[in-house]
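Heads up: the structure comes next, in structure tokens.
The values are calculated or read from the model by the stated rules, or taken from the named source; none is laboratory data. Just so we're clear, the structure is a prediction, and the values are computed from it rather than from any experiment. Heads up, the Cβs are rebuilt from the backbone with ideal geometry, glycines too, and the neighbour counts pull from every protein chain shown. Just so you know, the surface numbers come from the protein's heavy atoms only, side chains and all, with ligands and any DNA or RNA stripped out. Shrake-Rupley method; radii C 1.70, N 1.55, O 1.52, S 1.80 Å.
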Amino acid sequence: MTTRTLVITASILGENGQSKALAERFIAQAESRDGVEVTHRDLVASELPHLGLAELGSWQVSEEERTPEQRELAARSDALIKELHDHDVVVLAVPMYNFGIPSQLKAWFDRVMRAGVTFRYTENGPQGLVEGKRAIILAARGGQYAGTEMDTQTPHLKLMLGMMGITEVDTVFAEGLAMGDDTRNVALKEARQGIDSLVERL
Ligand SMILES: Cc1cc2nc3c(=O)[nH]c(=O)nc-3n(C[C@H](O)[C@H](O)[C@H](O)COP(=O)(O)O)c2cc1C
């Protein structure tokens, strides 16, 4: 059986991006394994705009009734949701920018979290409609926040993934990257080890 893995990167720092370097490590290790297929989506290259009213509105019109412009707008979200459905594991390589996730990654979530498509509201609360998937977060930060309320990213990410039904989530932290070479080198080494052991479980 093949494990199809979608690796999503969102660093704005180009070749210096640490989360991207961790994602590249993940991809290299994963591709060296039999039965693992990897797709890489770089959200900085994708240049998704902010979600706006016209695009949101296009989702609320039935396919047959959409104007050509609405068809084009709805296709953006449809394609990203199909890509998510087509994979078994989603890897989110996430830089911390100003205590949040990159706006490029938010723009992705704004398109894959679609009421009635990837989750729905029921009498018992929200129900995820993306089934049988797991996620891995590779979190790169200048400071050290894991396990504290200053980790403003991983609870948010888990909430959004969980809303869609993706509740099995592993996290690898690379923290303290702006706290001197020693701290940074240890953090990156441990993160690479964490990645390697997760790849073994694919
Ligand atoms: C615009 C910007 C904002 C940042 N904000 C934070 C922050 O709020 N907290 C923090 O710990 N590090 C912050 N950093 C440091 C980054 O988290 C760190 O450089 C990390 O490696 C970014 O991931 P990347 O290298 O994959 O882009 C910031 C960096 C940039 C460029």
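To keep it simple, each residue is scored yes or no on (1) on the phi < 0 side of the Ramachandran plot; (2) hydroxyl-bearing (Ser, Thr, Tyr); (3) in contact with a strand residue (DSSP E or B) (Cβ under 9 Å, 6 or more places away or on another chain).
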{"residue": "ARG120", "(1), (2), (3)": "yes, no, yes"}
{"residue": "GLU149", "(1), (2), (3)": "yes, no, no"}
{"residue": "MET163", "(1), (2), (3)": "yes, no, yes"}
{"residue": "THR167", "(1), (2), (3)": "yes, yes, yes"}
{"residue": "GLY180", "(1), (2), (3)": "no, no, no"}
{"residue": "VAL186", "(1), (2), (3)": "yes, no, no"}
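One line per residue, one yes/no per condition, for (1) free of Cβ contacts under 8 Å to residues at least 12 places away in the same chain; (2) surrounded by 10 or more Cβ atoms within 10 Å (Cβ to Cβ); (3) charged (D, E, K, R); (4) not in a helix (DSSP H, G or I):
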{"position": "ARG4", "(1), (2), (3), (4)": "no, yes, yes, yes"}
{"position": "GLN29", "(1), (2), (3), (4)": "no, yes, no, no"}
{"position": "HIS50", "(1), (2), (3), (4)": "no, no, no, yes"}
{"position": "LEU56", "(1), (2), (3), (4)": "yes, yes, no, no"}
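Only one residue in GLU149, GLU131 is farther than 26 Å from GLU24 by Cβ, of a type outside the set (A, V, I, L, M, F, W, C), within 16 Å of the ligand (Cβ to nearest atom) and more than 11 Å from the chain's Cα centre (by Cα), so which one is that?
Values: GLU131 fails: within 16 Å of the ligand (Cβ to nearest atom).
So the residue among GLU149, GLU131 that is farther than 26 Å from GLU24 by Cβ, of a type outside the set (A, V, I, L, M, F, W, C), within 16 Å of the ligand (Cβ to nearest atom) and more than 11 Å from the chain's Cα centre (by Cα) is GLU149.
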For the range 132-142, how many residues meet the condition of being part of a loop (DSSP other than H, G, I, E, B) and either at pLDDT below 95 or open to solvent by 10 Å² or more (accessible area, probe 1.4 Å) (or both)? 3
What number goes with the only condition from (1) β-branched (Val, Ile, Thr); (2) over 11 Å from the mean Cα position of the chain (by Cα); (3) surrounded by 15 or more Cβ atoms within 10 Å (Cβ to Cβ) that THR122 does not pass? (3)
Kindly list, by first and then second residue, each pair from a residue in the range 189-202 that is more than 13 Å from ALA30 (Cα to Cα) to a residue that is open to solvent by 60 Å² or more (accessible area, probe 1.4 Å) and hydrophobic (A, V, I, L, M, F, W, C), limited to pairs with Cβ atoms under 7 Å and residues at least 6 apart or on different chains. ALA191/PHE173
Could you grab the pairs with beta carbons closer than 6 Å, sequence gap of 6+ or different chains, first residue in the range 99-122 and under 25 Å from GLY143 (Cα atoms), second one part of a loop (DSSP other than H, G, I, E, B)? PHE99/THR152; ILE101/GLN153; PRO102/ALA10; GLN104/ALA10; LEU105/ALA10; ALA107/LEU48
